[in-house]
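See below for the structure under consideration.
What follows draws every value from the coordinates through simple rules; no lab data is involved. Because the structure is a prediction, the values reported are computed rather than measured. In this analysis, Cβ positions are derived from the backbone assuming ideal geometry, glycine residues included, and neighbour counts consider all displayed protein chains.
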Amino acid sequence: MTELQQSVVASETGEPQTQAESGPPPHERILRVIIPLVMLGGLIALWAWYVKAYNVPHYILPGPDLVAQAMVRDWGVLGPALLVTLTITFEALAIALVGGVLIAILFASSRWVEIALSPYMVILQVTPIIAIAPLILIYTSTTQQALLICAWIVAFFPVLSNTTQGLKSTDHNLLNLYELYGASRWQTLFLLKLPAALPYFLTGLRIAGGLALIAAVVAEFAAGSAGAGSGLAFRLLESQYRLNIPRLFAALILLCATGVAIFGATSLLSHLLLRRWHESAIRREN
Amino acid sequence: MPVSSAISIAPQAVPGRPIVRLEHVSKTFSNGTVALKDMSLSIGEGEFVSLLGPSGCGKSTALRIIAGLGEATTGRVDWPTMAHDAAGKVEREIGFVFQEPTLMPWATVFKNVWLPLRLAGISKQAARARVMEALDMVGLASFADAYPRELSGGMKMRVSIARALVTRPRVLLMDEPFAALDEITRQKLNDDLLRLWAQFGWTVVFVTHSVFESVYLSTRIVVMAPRPGRVIDEIAVVAPSPRDLAFRTSPEYSELTRRTSQSLHSALGANDHL
Ligand SMILES: Nc1ncnc2c1ncn2[C@@H]1O[C@H](COP(=O)(O)OP(=O)(O)OP(=O)(O)O)[C@@H](O)[C@H]1O
Ligand SMILES: [Mg+2]
């Protein structure tokens, strides 16, 4: 080895810092937890103060203490309802993910299939779910099924369109490279197109997660039927009829918390899958 | 024009039997750009051919067509010595280095270099030795577990070169592989490339902007002119091997670079827009 070569090699034998944490520094991480918590505490305190200072009647706006009481007292009703809503949301989301990705693969591999089917996908997406819900309720045998279908229709489209876009945006040079080395269709799909589409898919997943919950609630409003399998939306309506406003607030808070949790979970999943390589998950260091 | 004995203009001076032949190849893109017009070129086994020309003269397009990426609009590309598969397609044993690094950002350096072998069905374990050997050649063995985004531009390019070498191809097609590198690394890789070329008997087609690089490396320089992309000159470089510092400071070398620069200037002069 010449001296020149040695110097080039020597300058690079230091192990790369691949184990370095890609997240924010520690103090920033603590602040990220503390600031939202302080903010939340402040808002609740303001709420409590407002209700007390202006003597707002509890059937208009109950204080946080009353809502907390309702949450504990009515947990026997609210808990199962939450479970029903969660089940519908996640089942719909799961079917939407599988269906969305499979159809996206179909679209990306055949332009004719896409041309034939995509108008109907758009029609499904743009028609308000509340407008089709009554029809779906007529066609299905149980309310549960109807809710599932509604949530699925809404969650399906963002997964489909994002994944299709991702599959089509594969770097042309990389496609050339695969072609050059005689890659099969499956190899190109699994080793190249799907990984390249992952960030797009995850964006679709985050949108779909929130929409599935909204659709599950909206469809239940449309259904409006009571019974053992009622979800949170029905409990909301019921509380409104009975002017049980603290319970209404408790149900509302559960819905919000579910939405936030779904968003948090999908964001975390996205971060975990992309943190090593995708620009969106990497802190800029220059 | 005084021409030294080391130089001869001999378009047909092909040493080995031809390994690839371009016959009257033209390429017109769908937007109407004529990237190549009537290009004919025969590349012999064991040759080191440089395609030299100003930006936009169709060098990358020509290289892609040689590799079988994108059909020529008219004309044909022949691989007389390579086997054909059942479907009648040529089974080219090619290594290709793109002008951009073209790495998969989600895969480590190791996995990127493993890719050509992986596509051929070779397991990670079986490929390990060859992948590490290829990485060693470009001085990046200690970066096997890094992700492409953790590398500098020149390091990414070297990974891409390692990936082209890992299959031990008979023909190496390189599109300005060293353009992003610093002078020292570039010189080292030039020397490495020449050494490997002599050792393995590769055929190399090398695209470059640099007159000096083309003279230092090649056995033949093909000068191209833009709009429409075409071959305007061929310069055979008959020079001692091994090529080293002595060659780079020799009168033959400076005469060859002068001759090549002149040719390149006429390529630019031939165009009214510049
Ligand atoms: N996909 C494309 N569609 C349309 N025109 C193209 C396309 N690719 C290249 N061209 C045109 O073809 C011509 C030759 O391009 P090419 O990339 O082969 O040039 P080059 O010689 O490699 O240039 P450089 O040295 O800058 O890389 C250019 O004028 C370019 O505008
Ligand atoms: Mg180019």
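Below 8 Å, C-alpha to C-alpha, sequence gap of six or more: please give me the relative contact order for chain B in percent.
27 percent
At what distance in nm do the modelled label points of A:Phe221 and B:Asp244 sit from each other, each positioned 7 Å from its Cα along Cα→Cβ?
Placing both labels 7 Å beyond Cα along the Cβ direction yields 8.4 nm.
Counting only DSSP beta bridges with both residues in the protein assembly as shown, tell me the antiparallel percent, nearest 5.
Percent antiparallel among DSSP bridges in the protein assembly as shown is about 55.
Quote the Stokes-Einstein diffusion coefficient, in whole µm² s⁻¹, for region B:104-168, based on the Kirkwood radius over alpha carbon pairs, a temperature of 37 °C and a viscosity of 0.692 mPa s.
Result for D is 291 µm²/s.
Quote the convex hull volume per residue of region A:177-244, based on C-alpha atoms, as a whole number of Å³.
Numbers: hull volume 8.1 nm³, N = 68.
It is 119 Å³ per residue.
So if I average 1/r over every pair of distinct C-alpha atoms in chain A and take the inverse, what Kirkwood radius in Å does that give? Let's see the in-between values first.
Details: mean 1/r = 0.0440 Å⁻¹.
Final number for the Kirkwood radius of chain A is 22.7 Å.
What FRET efficiency do you get for A:Ser280 and A:His27 if R0 is 22 Å and r is their Cβ-Cβ distance, rounded to the nearest 0.05? Write down the numbers at each step before the final one.
Numbers: r = 23 Å, r/R0 = 1.06.
With R0 = 22 Å, the Cβ-Cβ based efficiency is 0.40.
What does the helix-only formula give at 222 nm for the protein assembly as shown: each DSSP H stretch with n ≥ 4 adding -39500 (n - 2.57), the total divided by the residues, and the result rounded to the nearest 500 deg cm²/dmol? The partial results should precede the final answer.
Numbers: 19 runs with 308 residues, N = 560.
So the calculated ellipticity at 222 nm is -18500 deg cm²/dmol.
How high is the relative contact order of region B:104-168, in percent, counting Cα pairs under 8 Å that sit 6 or more residues apart?
Computed over region B:104-168, the figure is 49 percent.
Helix A:194-223 against the longest principal axis of chain A: what's the angle in degrees, Cα atoms only, rounded to the nearest 10?
Computed tilt is about 10 degrees.
Among all stretches of chain A without exposed GluC sites (Glu not before Pro) (DSSP loop, at most 13 other Cβ atoms within 10 Å), which one is longest?
The reported range is A:22-284.
Compute the longest continuous run of chain A that contains no exposed trypsin sites (Lys or Arg not before Pro); treat a site as exposed when its DSSP state is not H, G, I, E or B and it has at most 13 other Cβ atoms within 10 Å.
Segment A:1-241 is the longest.
Grab the eigenvalues of the alpha-carbon gyration tensor for chain B, scale each by 5, take roots, and send me the semi-axes largest first in whole angstrom. Can you show the working numbers first?
Numbers: eigenvalues 178, 105, 68 Å².
Working through the eigenvalues yields semi-axes of 30, 23, 18 Å.
Using the basic label-point model (7 angstrom from Cα toward the beta carbon), what is the B:Ser123 to B:Leu196 distance in nanometres?
2.7 nm
Which lysines, if any, have their Cα less than 25 Å from the Cα of B:Lys156, not counting same-chain residues under 8 positions apart?
Filter leaves A:Lys168, A:Lys193, B:Lys59, B:Lys111, B:Lys124, B:Lys188.
Viscosity 0.890 mPa s, temperature 25 °C: Stokes-Einstein D of the protein assembly as shown from its Kirkwood Cα radius, in µm² per second?
The Stokes-Einstein estimate is 86 µm²/s.
By the scheme Lys and Arg +1, Asp and Glu -1, what is the net charge of all other residues having a beta-carbon under 14 Å from that of A:Gln144?
-2
First check a/c for region A:22-170, with a ≥ b ≥ c the square roots of the eigenvalues of its C-alpha gyration tensor; if it is under 1.5, answer rounded, and if not, answer prolate when a/b is larger than b/c or oblate otherwise.
It comes out oblate by the Cα gyration axes.
If you take the beta carbon distance between A:Val113 and B:Ser55 as r and set R0 to 45 Å, what does 1/(1 + (r/R0)^6) give as a FRET efficiency, to the nearest 0.05?
So the FRET efficiency works out to roughly 0.65.
Would you mind checking region A:35-61 for residues with the amide N under 19 Å from a putative spin-label position 7 Å along Cα→C-beta of A:His271?
Hits in region A:35-61 for A:His271 at 19 Å: A:35-40.
What FRET efficiency would be calculated for the residue pair A:Val122, B:Thr28, taking the C-beta separation as r and a Förster radius of 30 Å, to the nearest 0.05?
On the way: r = 36 Å, r/R0 = 1.20.
The value I calculate is 0.25.
Given contacts defined as C-alpha pairs under 8 Å and at least six residues apart, what's the relative contact order of chain A, whole-number percent?
Relative contact order of chain A: 25 percent.
Specify the angular offset, from 0 to 90 degrees and rounded to the nearest 10, of the alpha carbon long axis of helix A:64-73 from the longest principal axis of the alpha carbons in chain A.
So the inclination is approximately 90 degrees.
Please list the equivalent ellipsoid semi-axes of region B:144-274, computed as the square roots of five times the alpha-carbon gyration tensor eigenvalues, in descending order and whole angstrom.
27, 19, 15
What is the order of B:Glu133, B:Glu71, fewest Cβ neighbours within 10 Å to most?
B:Glu71, B:Glu133
Using Cα atoms only, what is the angle between the long axis of helix B:124-137 and the major principal axis of chain B, expressed in degrees (0 to 90) to the nearest 10?
With rounding to tens, the tilt is 40 degrees.
In peptide B:95-103, how many Cβ atoms from other protein chains are near each Cβ within 10 Å, on average?
The mean count of partner-chain Cβ atoms within 10 Å per residue comes to 3.
How about B:Lys27: which aspartates and glutamates have a C-alpha closer than 12 Å to its C-alpha, ignoring those fewer than 8 places off in the same chain?
Counting by Cα, and skipping residues close in sequence, B:Lys27 has these aspartates and glutamates nearby: B:Asp38, B:Glu71.
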